[in-house]
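None of the figures in this text is laboratory data; all of them are computed from the coordinates on show. Here the structure is a predicted model, which is why all the values come from computation and not from measurement. Here the Cβ positions follow ideal geometry from the backbone for every residue, glycine too, while neighbour counts run over all protein chains shown.
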Amino acid sequence: MCTHASAWQSALVAELKAVIVDLPSYGYRRTWSVLRRQRDQQALPRVNRKRVYRVMREHGLLLVRRIKQPGQTRRHEGRVAVTASDTRWCSEGFEFNADNGEKLRVTFALDCCDREALSWVASRRGYSGDDVRDVMLAAVEHRFSLERPPYAVQWLSDNGSAYTAEETRRFAREIGLEPVTTPVCSPQSNGMAESFVRTMKRDYIAFMPKPDGKIALANLVQAFEHYNEYHPHSALGYRSPREFRRLAIPST
């Protein structure tokens, strides 16, 4: 009996190590969710999340807990998340450097319910209204396959000039989006977009090969696809955005 239990735990440790070797920033909850998905696909019994934590702790596989630095708590204005997809989208930009110093600037759109990254663009220049409008249109086409949605979808962003330009706001309304900006003194009100930026930088950009801008861009394509298809999110029951949508939308 003990031999069987030991063999079972050894096999579980091997499974866990196989997950975190490719996803080294994953803690036990997200590692458990990946393992759950893999076992479901193979019609194997699931492993309890507490057991995953215990085994990872015993074998030194847990992430080092970060100590929260003291500081002023930022005020949060309002709630970003919504209960239905395609009712509010948020957008923001971020930048990072390739190893050779080339800078990539990324603009994206995110659904505030299912967290799917609907569209994105990357360029070597600064954020522009053209980039924002491209992201807007691509998001509408991705979700609705129409020139415009049948109802107004909120478009939440900060007060950057690329978002507040009259041409951008007019274009948003033309394609069925309702521009909404965060309070000037509270940019953290777009916290969902900020959280996505942290996820991309922590779980993908920090580890992906990026010797130059061209290779960085190619790997960024894979990062966005992995995030949408496989990245577990606590607010979605540790499902990925697309996994959550597949469960929420009945097949026809």
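Observations on the model:
- Fluctuation leader among Ser157, Ser25, Ser145 - the chain, Gaussian network, Cα springs under 10 angstrom: Ser145
- Taking only Cα atoms of region 85-188, radius of gyration then Dmax in Å: 13.6, 46
- Taken about its Cα centre, region 11-59 carries a charge dipole of roughly 300 debye when the Cβ of each Lys and Arg holds +1 and the Cβ of each Asp and Glu holds -1.
- Modelled FRET efficiency - R0 25 Å, Ala7 with Arg49, Cβ distances, 0.05 increments: 0.70
- The Rg/Rh ratio for region 11-59, using Cα coordinates for both the radius of gyration and the Kirkwood hydrodynamic radius, is 0.92.
- Extension reserve of the Phe207-Gln154 stretch, reckoned as 0.36 nm per residue once the Cα distance is removed: 15.7 nm
- The chain: most fluctuating residue of Arg133, Arg36, Arg46 per GNM, C-alpha cutoff 10 Å: Arg46
- Built amide H within the under 5 Å cut-off of Tyr238, gap 5+: His233
- Approximate spin-label separation Val221-Ala14, in nm, with each point projected 7 Å along Cα-to-Cβ: 3.5 nm
- Taking only the Cα atoms of the chain, the ratio Rg/Rh comes out at 1.01, with Rh defined as the Kirkwood radius.
- Maximal additional length on extending the Val180-Asn97 stretch stands at 26.9 nm, based on 0.36 nm per residue less the C-alpha distance.
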